[in-house]
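Trainee: Provided herewith is a single structure, encoded as structure tokens, for subsequent inquiry.
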Amino acid sequence: MRARYTRVYALPAALAFAGPAVLVVATGGDFWPFALGWWVVSLVVASIKSRGIRIAVTVAALPICVLTVFEGGLFMLPAALALLALDASHSASPRKETAQHSPH
């Protein structure tokens, strides 16, 4: 099922890459240490397979993004919100019955 949503998850991934990349360009390269840190955090969150754990980690990251506004947190906030919206909407979608479980 995860492969079904791979293209949809490209949006938060692109936002997570683009936010720090914009700051690296805007600061003339001085933002590299923070950008690398944000990218590592993004990769760690992306590697979480459990949707429930990923939602919990993303919710916990929201205040961190706000608190680290001058370290690039504000630029990571759209990626975190997009990931949270996708994970929450996919977990709320109803499951379809299979032929094995249909009444006879």
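The values are calculated or read from the model by the stated rules, or taken from the named source; none is laboratory data. Computed from a predicted structure; not experimentally measured. Here the Cβ positions follow ideal geometry from the backbone for every residue, glycine too, while neighbour counts run over all protein chains shown.
Trainee: As an exercise: evaluate P20 against (1) surrounded by 14 or more Cβ atoms within 10 Å (Cβ to Cβ); (2) under 15 Å from L83 (Cα atoms); (3) not hydrophobic (A, V, I, L, M, F, W, C) and give the number of the one condition it does not meet.
Mentor: In the conditions (1) surrounded by 14 or more Cβ atoms within 10 Å (Cβ to Cβ); (2) under 15 Å from L83 (Cα atoms); (3) not hydrophobic (A, V, I, L, M, F, W, C), P20 misses (2) alone.
Trainee: Test each condition in (1) aliphatic (A, V, I, L, M); (2) buried (at least 16 other Cβ atoms within 10 Å of the Cβ); (3) more than 13 Å from the chain's Cα centre (by Cα); (4) modelled with pLDDT under 95 for L15 and report the one that comes out false.
Mentor: (3)
Trainee: Now, a different point. Here's a check for you: in the range 44-84, which residue that is out of contact with any helix residue (DSSP H, G or I) (no Cβ under 9 Å at 6 or more places or on another chain) and of a type in the set (A, V, I, L, M) is surrounded by the most Cβ atoms within 10 Å (Cβ to Cβ)?
Mentor: Per the stated criteria, the residue is A56.
Trainee: Then there's this: Out of the residues in the range 3-40 that are β-branched (V, I, T) and in a helix (DSSP H, G or I), state the one that is nearest to R54 (Cα to Cα).
Mentor: Across the range 3-40, the extreme among qualifying residues is V40.
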